[in-house]
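First up is the structure itself, then whatever we jot down about it.
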Amino acid sequence: MPLPLLTLTGIDKIYKNGTVALRGVDLAVQPGEFVSLVGPSGCGKSTVLRLVAGLGALTGGTLAWQRPPAQRSLAFVFQDPALMPWASVVDNIYLPLKLKGHSLRSVRADIQDAINTVDLGGFEGSYPRQLSGGMKMRVSIARALVTKPHVLLMDEPFGALDEMTRSRLNSDLLHLWENKAWTVLFVTHNIYEAVYLSSRVVVMAARPGRIVADIAIDAAYPRTDRFRTSLQFNHYCRDIMTALSVAEEETAVR
């Protein structure tokens, strides 16, 4: 097995008000894995993602990358697409490259490639108010994709979408992951989504935020709707639900 791309060892995060967001979190992520974090609200899923992204300081423990900063790039996709309402699809996707000092002319081809990849060809000049929720999320993903990331961090990106749109974007995301060779850390409350997408599902519990199970999803890719209705899929969902229930009982008696 190759060395982990990312290793979290004994991670603690305690906020100034005394809230213990994380306690003793150990997690290793291999290159090219699709790892989902599931658990109840307040268990620290999003905190893990923010610490990996460098958007906060550890209270304890270590976070180590195999590659130096110059050889890795991260992109973050939030639940809210956070598009600029006054900017077109092209200009929203251009934003991270603009902040890096690239001219629009020099990266126009990369932007168009990202637009085509998320199936938004023909909407280059559209504004967020003219797009559906699913299309806005596609713009957000394209904005991440255009930076050519090695690691994609996604914090409940499809949580606000209807089930049909969510299912379609799940399949689109898997297709992109397989083709782009990303390493993905994905936060979700949805067990079914986690099982469908992931090579591993990490189950977390609250008070304090901690990992209580790490379940490999040994199902072949590409995955289809047939997998969603299989006995294997149901088995993995039950395993995760059991882990969450046990953790909830343990939390209640603390």
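Per residue, the accessible area of the chain comes to 49 Å², computed with a 1.4 Å probe over protein heavy atoms only. Each residue of the range 208-215 was assigned a 3J(HN,Hα) from its phi angle through the Karplus expression (A = 6.51, B = -1.76, C = 1.60, θ = phi - 60°), giving x, x, 7, 8, 10, 7, 9, 10 Hz with x at Gly and Pro.
Charge tally for Val187 (other residues, Cβ to Cβ under 11 Å; Lys, Arg +1; Asp, Glu -1): -1. A Förster distance of 30 Å, applied to the separation of the beta-carbon atoms of Asn179 and Thr242, puts the FRET efficiency at 0.30.
Whole-Hz Karplus values for the range 173-189 come out as 5, 4, 4, 5, 4, 5, 7, 9, 6, 6, 9, 10, 10, 10, 9, 8, 8 Hz, taken residue by residue from phi with 6.51 cos²θ - 1.76 cosθ + 1.60 and θ = phi - 60°; glycine and proline positions read x. Specify which residue in the list Val201, Phe78, Pro68 is farthest towards the positive end of the charge dipole of the chain, using unit charges on the beta carbon of Lys, Arg (+1) and Asp, Glu (-1), about the Cα centre. The residue sitting farthest along the positive end of the dipole is Pro68.
If both residues of a DSSP beta bridge must be in the chain, then about 50% of such bridges are antiparallel.
The label point for Met164 and the one for Leu63, both projected 7 Å from the Cα toward the Cβ, are 3.9 nm apart. Under 8 Å for C-alpha pairs, at least 6 residues apart: give me the relative contact order for the chain, rounded to a whole percent. Relative contact order comes out at 26 percent. Take 84-95, 12-23 and order them by the average number of nearby Cβ atoms within 10 Å per residue, most first; the result is 84-95, 12-23. Of the peptides 104-113, 71-80, the order by per-residue mean of other Cβ atoms within 10 Å, starting with the highest, comes out as 71-80, 104-113. Close amide H partners of Asp214, meaning residues 5 or more places away or on another chain with modelled amide H under 5 Å apart, are Val203. As a fraction of the 1.4 Å probe accessible area of the chain, surface on carbon and sulfur atoms comes out at 54 percent. Only lysine pairs 8 or more places apart, or on different chains, with alpha-carbon atoms under 26 angstrom apart are counted in the chain, and they number 14. If I take every Cα pair under 8 Å that is 6 or more residues apart in the range 88-159, average their sequence separation and divide by the length, what percent do I get for the relative contact order? Computed value for the range 88-159: 42 percent relative contact order.
Beta bridges from DSSP with both residues in the range 129-218: antiparallel share about 55 percent, rounded to the nearest 5.
The values are calculated or read from the model by the stated rules, or taken from the named source; none is laboratory data. The structure presented is a predicted model; accordingly, all values stated were derived computationally and were not measured. Cβ: placed from backbone, ideal geometry, glycine included. Neighbour counts: every protein chain shown. Keep in mind that these areas ignore ligands, DNA and RNA; they rest on the heavy atoms of the full protein, side chains included. Shrake-Rupley method; radii C 1.70, N 1.55, O 1.52, S 1.80 Å.
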